[in-house]
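Novice: My questions all concern the structure below.
The values are calculated or read from the model by the stated rules, or taken from the named source; none is laboratory data. The structure presented is a predicted model; accordingly, all values stated were derived computationally and were not measured. So basically every Cβ, Gly included, is an ideal-geometry build from the backbone, and we count neighbours across all protein chains shown. SASA here: full protein model, heavy atoms, side chains in, ligands and nucleic acids out. Shrake-Rupley method; radii C 1.70, N 1.55, O 1.52, S 1.80 Å.
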Amino acid sequence: MGLRTWSRSEVEYGRKVLNSGLEGVRSGREAFLSGRPLTPFLSESVRNAWKPAAIGVGIGVLGSCSGSGRKSIGKVLAFGLLGCAVGFGAGIVWENRRLVASATRGALRNIDRVRDEHWLEKNPIDYA
């Protein structure tokens with residue numbers, strides 16, 4: 001098998017793996033949502049993520065206070081903003097963990113199926 005034939009074969013296999021993974025993500029998402037639309041679910045996740053964001057602001061502002069007692073307003077704002085971003089990101093991740101897990105399971109299931117098919121094509125089993 002030449003390099004060109006091998007590379008085409010591998011590119012085609014990569015496309016199959018990618019497409020099966022994306023289809024698995026879609027099926028996992030649909031299985032989790034049970035026919036409900038995604039947008040209201042994500043809106044609720046954003047609403048619930050503001051509580052950790054507020055906690056992050058408080059931690060960031062407290063973290064900006066140094067032992068010397070001098071506080072610049074820029075430093076306080078920067079640390080508060082950073083804490084808000086970290087808290088909001090953590091809240092979004094936490095709120096969507098079950099959706100992501102379901103999508104990941106679907107993707108891995110489909111990718112494993114394609115990998116098994118590919119292996120069987122390369123290594124046929126003779127039952128005779």
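Novice: When both residues are 6+ apart or on different chains and their Cβ atoms are under 8 Å apart, which pairs have a first residue that lies in region 73-90 and is touching a residue at least 12 places away in the same chain (Cβ under 8 Å) and within 8 Å of residue 56 (Cβ to Cβ), and a second that is of a type in the set (Val, Ile, Thr) and open to solvent by less than 60 Å² (accessible area, probe 1.4 Å)?
Specialist: Between residues of region 73-90 that are touching a residue at least 12 places away in the same chain (Cβ under 8 Å) and within 8 Å of residue 56 (Cβ to Cβ) and residues that are of a type in the set (Val, Ile, Thr) and open to solvent by less than 60 Å² (accessible area, probe 1.4 Å), the close pairs are 83/57; 83/61; 84/57; 87/57.
Novice: Now a separate question. Which residues, taken from region 76-116, are acidic (Asp, Glu) and either open to solvent by 90 Å² or more (accessible area, probe 1.4 Å) or outside any helix (DSSP H, G or I) (or both)?
Specialist: Residue satisfying the conditions is 116 alone.
Novice: Please specify each residue of region 52-61 satisfying the condition of being modelled with pLDDT under 95 and open to solvent by 90 Å² or more (accessible area, probe 1.4 Å).
Specialist: Once the filter is applied, which keeps residues that are modelled with pLDDT under 95 and open to solvent by 90 Å² or more (accessible area, probe 1.4 Å), region 52-61 yields only 59.
Novice: Can you confirm whether residue 64 is open to solvent by less than 60 Å² (accessible area, probe 1.4 Å), of a type in the set (S, T, N, Q), modelled with pLDDT of 95 or more and over 30 Å from residue 9 (Cα atoms)?
Specialist: Considered against the rule, which asks whether it is open to solvent by less than 60 Å² (accessible area, probe 1.4 Å), of a type in the set (S, T, N, Q), modelled with pLDDT of 95 or more and over 30 Å from residue 9 (Cα atoms), residue 64 comes out as no.
Novice: Can you work out which of the residues in region 1-22 that are open to solvent by 90 Å² or more (accessible area, probe 1.4 Å) and not hydrophobic (A, V, I, L, M, F, W, C) is farthest from residue 105 (Cα to Cα)?
Specialist: For region 1-22, the residue satisfying everything is 4.
Novice: Within the set of pairs 6+ apart or on separate chains, which have a first residue in region 98-119 that is under 18 Å from residue 38 (Cα atoms), a second that is charged (D, E, K, R) and buried (at least 16 other Cβ atoms within 10 Å of the Cβ), and C-beta atoms under 9 Å apart?
Specialist: Here the result reads 99/29; 102/29; 103/29; 106/29, each pair linking region 98-119 to a residue that is charged (D, E, K, R) and buried (at least 16 other Cβ atoms within 10 Å of the Cβ).
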